[in-house]
1. Given (1) surrounded by 15 or more Cβ atoms within 10 Å (Cβ to Cβ); (2) part of a loop (DSSP other than H, G, I, E, B); (3) over 13 Å from the mean Cα position of the chain (by Cα); (4) at pLDDT 95 or above, where does Glu25 come up short, assuming only one miss?
2. When you go through (1) modelled with pLDDT of 95 or more; (2) of a type outside the set (A, V, I, L, M, F, W, C); (3) part of a helix (DSSP H, G or I) one by one for Asp141, which number turns out not to apply?
3. In the range 116-140, which residue that is within 15 Å of the chain's Cα centre (by Cα) and of a type in the set (Gly, Ala, Ser) is farthest from Thr23 (Cα to Cα)?
4. Determine whether Gly78 is buried (at least 17 other Cβ atoms within 10 Å of the Cβ) and either at pLDDT below 95 or small (Gly, Ala, Ser) (or both).
5. Kindly provide the set of residues from the range 43-54 that are crowded, with 16+ Cβ neighbours inside 10 Å and not hydrophobic (A, V, I, L, M, F, W, C), ordered by number.
6. Can you name the residue in the range 81-93 that is touching a Ser or Thr at 6+ places or on another chain (Cβ under 7 Å) and not in a loop (DSSP other than H, G, I, E, B) and is also surrounded by the fewest Cβ atoms within 10 Å (Cβ to Cβ) among such residues?
7. Hey, could you check the range 53-88 for residues that are of a type in the set (Asp, Glu) and closer than 24 Å to Ile108 by Cβ and say which is nearest to the chain's Cα centre (by Cα)?
8. From the set of residues in the range 162-182 that are polar (S, T, N, Q) and either free of Cβ contacts under 8 Å to residues at least 40 places away in the same chain or within 15 Å of Arg120 (Cβ to Cβ) (or both), which is surrounded by the fewest Cβ atoms within 10 Å (Cβ to Cβ)?
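The values are calculated or read from the model by the stated rules, or taken from the named source; none is laboratory data. Note that the coordinates shown come from a computational prediction; the quantities given were computed from them, not determined experimentally. FYI the Cβ positions are ideal-geometry reconstructions off the backbone, even for glycines, and counts take in every protein chain you see.
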Amino acid sequence: MDLGLKGKIAVVTGGDSGIGKATAEILLKEGAKVAILNRSFDEIDDLKPFGDPFPVKADITSLEQVEAARDKIRDHFGPAEIVVHSAGITGAVGDFLEIDDEGWLHTINVNLMGTVRVCRAFIPDMRKAGWGRIVLLGSEDAVQPYTEDMPYCSCKAGTLNLTKNLSKAYAKDGVLTNMVSPAFVETAMTNAMMRSRSEESGVSMDEAVKSFLADNRVVGGSVFTISTLPTSLCR
């Protein structure tokens with residue numbers, strides 16, 4: 001498959017695991033120059049058979065670290081042309097009345113403000129070049145929320161609105177912003193959620209997953225086709 005990405009400079013946040021890692025693999029296979037922005041690197045060696053990912057440590061709760069990462073990537077490859085923002089956390093969970101301000105603020109700081117920081121750091125170079133593609137990882141939770149994950153769901157709703165705003169603001173400069181909203185996908189983050197559910201309920205992991213899907217009226221989960229991401233990057 002040739003998606004026209006050969007030689008493009010791409011940044012994947014949260015690219016050491018889950019959907020971010022799968023995205024980085026596709027980009028590498030397509031011949032893109034891929035930088036992985038992450039707090040730590042435990043699985044990056046898995047990507048080396050597909051190319052030469054450039055790891056850059058950064059915490060998206062710090063604008064200074066995100067900007068420093070951008071500068072390292074610029075020095076190594078050149079200005080980023082594609083950013084896929086996949087970094088995020090489950091955040092505070094539980095009954096709405098029992099989640100305190102700290103839980104809400106931490107979730108917002110990572111999931112929503114982290115997205116803001118990444119976009120704010122990389123968009124200027126794209127505008128200067130007159131071409132850029134941003135893909136933000138959202139969730140079906142933005143429009144179909146789960147009551148035990150209100151902070152996370154609220155952040156994803158905010159990300160959906162941010163995506164629309166960035167599209168309106170910068171499409172005229174050649175910078176296109178899209179959001180991908182997968183449903184329940186098996187990743188390290190969702191596995192951790194199911195382990196907690198399993199332990200709290202005293203049931204097996206399989207039973208925890210089945211009860212979660214039943215409680216939230218999800219039939220069979222979702223197949224996330226990662227190859228749909230880069231297609232829009234070429235347009």
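1. Failed condition: (2).
2. (1)
3. Applying the filter and picking the extreme gives Ser139.
4. The answer is no for Gly78.
5. Gly51, Pro53
6. Here the answer is His85.
7. Within the range 53-88, the first condition is being of a type in the set (Asp, Glu), and the residues that meet it are 59, 64, 67, 71, 75, 81.
Those left that are additionally closer than 24 Å to Ile108 by Cβ: 59, 64, 67.
Numbers: Asp59: 14, Glu64: 19, Glu67: 18 Å.
So the residue we want is Asp59.
8. Restricting to residues being polar (S, T, N, Q) and either free of Cβ contacts under 8 Å to residues at least 40 places away in the same chain or within 15 Å of Arg120 (Cβ to Cβ) (or both), the top hit is Asn165.
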